[in-house]
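Since every read-out is calculated from the coordinates, none of them should be taken as a lab result. Just so we're clear, the structure is a prediction, and the values are computed from it rather than from any experiment. Methodologically, a virtual Cβ is constructed for each residue, glycine included, from the backbone with ideal geometry; neighbour enumeration extends over all protein chains shown.
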Amino acid sequence: MMLKSLFLAWSAAALFGSNALAQAPIIIKFSHVVANDTPKGKAAERFKELAEKATRGRVKVEVYPNSTLYKDKEELEALQLGAVQMLAPSLAKFGPFGVKEFEVFDVPYIFPSKEVLYRVTEGRIGKDLLKKLESKGITGLAYWDNGFKVMSANRPLKTPADFKGLKMRIQSSKILDAQMRALGAIPQVMAFSEVYHALQTGVVDGTENPPSNLYTQKMHEVQKHVTVSNHGYLGYAVIVNRKFWDGLPADIRSALEAAMKEATRFANAIAQQENDAALEAVRKSGKSTVYVLNENERADWRKVLLPVQKDMEGRIGKDLIQAVNKEAADVGFR
């Protein structure tokens, strides 16, 4: 009788344990390098909320902002190894990763408006680019907007001549390197998490960023001048480890895809307002003087930077550049 009771107790415990194990949530570690209160940071938190709700707790999304897990150069390798399941790296990261076509997003003045940008990211061009990641063991899920970039330094940057000799931090991109050299600056590749200290100590003289990144990383506190140039674009691709993604139950994957679509709509809706608010906050701080290029000054910048597009055709593909320019022409630009 005692043996029977022990057997029943053991069976119940084993059953309870197996049920608990079966009900353990699927963990998605979502790593990124910016602050929580940026467009990307807020979109990651929105995805977490939507994903956990859509899967009724069967998925738990752990968001790690501000390079708390990995820096720029480390995170893609970590994704491939399965150490994290989801990232939203800037599009410039994919060039050094071996998919140089993504550097089309770095080409100065190639996107004259957000309308043209969205025609690219939401259309055939954007989809074809994401497919190129599959051979790297990565599935591309979405593009998240972060806006057009401003320039900052400790001297006014109103003309291309003002850049001469400045050490300007860039992401690791051949296009961005060529852009800074065209302006007469000295490009310095550096991880995003290291930029504030480098600006503070004079290791670099200036940088480029959307206003939301500049403000949330407090770069404006160590930069006397900010120029609203809108010369280039910074966006992100939300990506997952392909093996992990393909191994999910079909219903879970469908729920996560729906959550990602909604999070993407949210991300792209708030990007401009977040950057406008950040730029206004920089102005009000009194720590940086904000200058907006006038039409003549912008024309001078374009004249200096547009040759980069032609020079980089051999790297990222003449047909790809022409396809993006056609989208601009179709909505009345160029």
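General remarks:
- Some residue of region 260-270 being exposed (fewer than 13 other Cβ atoms within 10 Å of the Cβ) and more than 17 Å from the chain's Cα centre (by Cα): no
- Criterion applied to Ala269, Ala278 was being in a helix (DSSP H, G or I), closer than 22 Å to Lys114 by Cα and without any contact (Cβ under 8 Å) to a residue 24 or more places away in the chain, and the one residue passing it is Ala269.
- Members of region 69-93 that are closer than 18 Å to Ile175 by Cβ and within 10 Å of the chain's Cα centre (by Cα): Pro89, Ser90, Leu91, Ala92, Lys93
- If you filter region 123-182 down to residues that are closer than 17 Å to Glu103 by Cα and polar (S, T, N, Q), you find that the one that is surrounded by the most Cβ atoms within 10 Å (Cβ to Cβ) is Asn146.
- Across region 21-40, the qualifying residues are those that are part of a loop (DSSP other than H, G, I, E, B) and not small (Gly, Ala, Ser), and the one among them that is nearest to Gln80 (Cα to Cα) is His32.
- The sole residue among Lys310, Lys326, Lys287 that is of a type in the set (D, E, K, R), assigned to a loop (DSSP other than H, G, I, E, B) and more than 23 Å from the chain's Cα centre (by Cα) is Lys287.
- The residues in region 199-229 that are under 22 Å from Gln179 (Cβ atoms) and surrounded by 19 or more Cβ atoms within 10 Å (Cβ to Cβ) can be counted, and the count is 20.
- Asn213 being assigned to a helix (DSSP H, G or I), under 14 Å from Lys149 (Cβ atoms) and touching a residue at least 12 places away in the same chain (Cβ under 8 Å): yes
- Looking only at residues in region 52-96 that are hydroxyl-bearing (Ser, Thr, Tyr) and crowded, with 18+ Cβ neighbours inside 10 Å, the one that is farthest from Asp37 (Cα to Cα) is Thr55.
- Among the residues of region 53-98, those that are in a strand (DSSP E or B) and farther than 16 Å from Phe192 by Cβ comprise Val59, Lys60, Val61, Glu62, Val63, Met86.
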